[in-house]
Amino acid sequence: MTVNLLPSAAALTVALLKSDADLSAITGGRVGTKLNQTLPAIRVQRIGGTPDGYDGTDAPSMQVECWAADEGTADLLVRTLIAVLPTFRHRAVTGGQLVTYDLTSGPFWAPDDPSLSNSARYIITVTLLTTS
């Protein structure tokens, strides 16, 4: 028996974000599921959502964190991210395709705990519709 796996929502999101020249100009390609210590960077996490086993789609909720050493750069990064999201519709990358998305919250300001670092962070959440 061969199963048809849905794409990894995190891997698909990371690949899409890394493929954008405007985001890469700011992050230097530092996009992943773990925060790169060199900032600016983007961290992506699946925080919910539900797959549809009948039609081969997934609707993951993704948290996308835009980190930088200062608030101005974090703000530029999150605004650039929001501006390029529409270009990802119906885009296929290795492992799957993003059909569409819905920006569900943000951007909101969430700086790191000052006892940990002075890093700046804005967060958005998006619900994706993906397929293999």
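The values are calculated or read from the model by the stated rules, or taken from the named source; none is laboratory data. Just so it is clear, the model here is predicted, and its values are computed rather than measured. All Cβ positions, glycine included, derive from the backbone under ideal geometry; neighbour counts span all protein chains shown.
So the values come out like this:
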read-out	value
Residue within the range 86-95 that is within 17 Å of residue 41 (Cα to Cα), in contact with a strand residue (DSSP E or B) (Cβ under 9 Å, 6 or more places away or on another chain) and not β-branched (Val, Ile, Thr) present	no
Residues of the range 38-73 satisfying the condition of being in a strand (DSSP E or B) and of a type in the set (S, T, N, Q)	45, 50, 57, 61, 63
Residue selected from the range 81-102 under the condition part of a loop (DSSP other than H, G, I, E, B) and free of Cβ contacts under 8 Å to residues at least 24 places away in the same chain, by the criterion farthest from residue 20 (Cα to Cα)	90
Selection from the range 57-80 of residues that are without any contact (Cβ under 8 Å) to a residue 60 or more places away in the chain and acidic (Asp, Glu)	65, 70, 71, 75
Failed condition for residue 129, given (1) closer than 20 Å to residue 28 by Cα; (2) among the aliphatic types (A, V, I, L, M); (3) surrounded by 15 or more Cβ atoms within 10 Å (Cβ to Cβ)	(1)
Criterion violated by residue 80 - all others in (1) modelled with pLDDT under 95; (2) of a type outside the set (Asp, Glu); (3) more than 27 Å from residue 5 (Cα to Cα) satisfied	(1)
Selection from the range 28-64 of residues that are more than 17 Å from residue 11 (Cβ to Cβ) and acidic (Asp, Glu)	52, 55
Where residue 44 falls short, out of the listed (1) of a type outside the set (S, T, N, Q); (2) surrounded by fewer than 17 Cβ atoms within 10 Å (Cβ to Cβ); (3) under 27 Å from residue 4 (Cβ atoms); (4) modelled with pLDDT of 95 or more	(2)
Whichever residue in the range 97-126 is at negative phi, buried (at least 16 other Cβ atoms within 10 Å of the Cβ) and not β-branched (Val, Ile, Thr) and, among such residues, is farthest from the chain's Cα centre (by Cα)	119
Selected residue (only one of 46, 30, 79 is of a type in the set (D, E, K, R) and under 17 Å from residue 119 (Cα atoms))	30
Neighbours by Cβ (under 8 Å, 6+ apart or cross-chain): first from the range 1-24, under 21 Å from residue 73 (Cα atoms); second part of a loop (DSSP other than H, G, I, E, B) and at pLDDT 95 or above	14/33; 18/29
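The rows are residues; the columns are (1) closer than 28 Å to residue 4 by Cα; (2) out of contact with any helix residue (DSSP H, G or I) (no Cβ under 7 Å at 6 or more places or on another chain); (3) exposed (fewer than 12 other Cβ atoms within 10 Å of the Cβ).
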| residue | (1), (2), (3) |
| --- | --- |
| 38 | no, yes, yes |
| 59 | yes, yes, no |
| 62 | yes, no, no |
| 66 | no, no, no |
| 76 | no, no, no |
